[in-house]
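Working notes, structure below.
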Amino acid sequence: MTAPLETASGYRAGRTLPFRVEAIRQLRRRRTAVVAVILAVLPFVLVVAFAIGGDGGGGGGAGREQRINLVDTATVSGLNFATSALFLSAGFLLVIPVALFFGDTVASEAGWSSLRYLLAAPVPRARLLWSKLRVALTFSLAAIVLLPLLSLAVGTVAYGWNPLRSPTGSSIPATDAVFRLALAVAFVFVSQLVTAGLAFWLSTVTDAPLGAVGGAVGLTIVGNLLDAVEALGSWREFLPAHWQYAWADAIQPELEWTGMLKGTSVSVAFALVLFALAFRGFARKDVVS
């Protein structure tokens, strides 16, 4: 029988690359600061845009066309403004930081030729991926929460703390609307897990961070295009993009769960498969950079 391999005294595989260390490394990255600045500036840009463009439609509905949407009520209250900011950013803007945090995490290490040194530390491969996955999830959640939170604060200062007016003209009390907005943000985060899983998987198969990030964003756009093809009929319900705005049901007078539950099941199913592919492929990958 072969003698067991000896390890250094005190070595514990589960203690390598802890969450705090990886989080600090990612927090110091320039791209993290750039993402934070863009998301922090956007609410102020929207306030200026609404000021230049005039009333968003919430101040008085006389003479307006029948077609109304969330942006039309943006200036009614801070809650409406935060909801409108989420509506404007959920389809594309929030996709970018998620793709960036997940797509850049492993591929950047390979690009810097530091990945093999991390594994030689030795950090178990599954441990390395799990640590990076947790940090990417945390940073992505922070990015998705930051925008509506700042928008709520900026919008409240600009437009006041009033009930949330739905596009149909009915109102939701402010206390209930805060819960509805939090529910909408939670669903947006879950819906972005598909982009996260795709970017994370691509990050483990390429040494080019831009390729992983760009591939995830590109395929997300393809999904949106396919969802616009009405000829696909009910097949579109299997596309994560088909449910990305299901969170709007949370701000209706009667809270509707069906769309959000279906969207959650589709997004989580796709994400689990993609994350599993990332762990499986990386465990067998010949790391040379």
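The values are calculated or read from the model by the stated rules, or taken from the named source; none is laboratory data. Fair warning: this is a prediction, and the values are worked out from it, not measured in the lab. For neighbour counting, all protein chains shown are included, and Cβ atoms are generated from backbone atoms with ideal geometry for every residue, glycine included. We work out accessible area using only protein heavy atoms, side chains counted, and drop any ligands, DNA or RNA first. Shrake-Rupley method; radii C 1.70, N 1.55, O 1.52, S 1.80 Å.
Summary table below
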{"quantity": "5 angstrom amide H check on residue 172, placed H, neighbours 5+ away", "calculated": "164, 165, 166"}
{"quantity": "Theoretical gain in end-to-end length, residue 280 to residue 126 [0.36 nm per residue, Cα-Cα removed]", "calculated": "54.5 nm"}
{"quantity": "Rough spin-label spacing in nm, given labels placed 7 Å along Cα→Cβ, for residue 228 and residue 31", "calculated": "2.6 nm"}
{"quantity": "For peptides 162-169, 102-109, sequence by mean Cβ density within 10 Å, most packed first", "calculated": "102-109, 162-169"}
{"quantity": "Per-peptide average of other Cβ atoms within 10 Å, ordering 92-98, 72-78, 42-48 highest first", "calculated": "72-78, 92-98, 42-48"}
{"quantity": "Where the stretch 131-259 is the region considered: accessible area per residue in Å², 1.4 Å probe", "calculated": "45 Å²"}
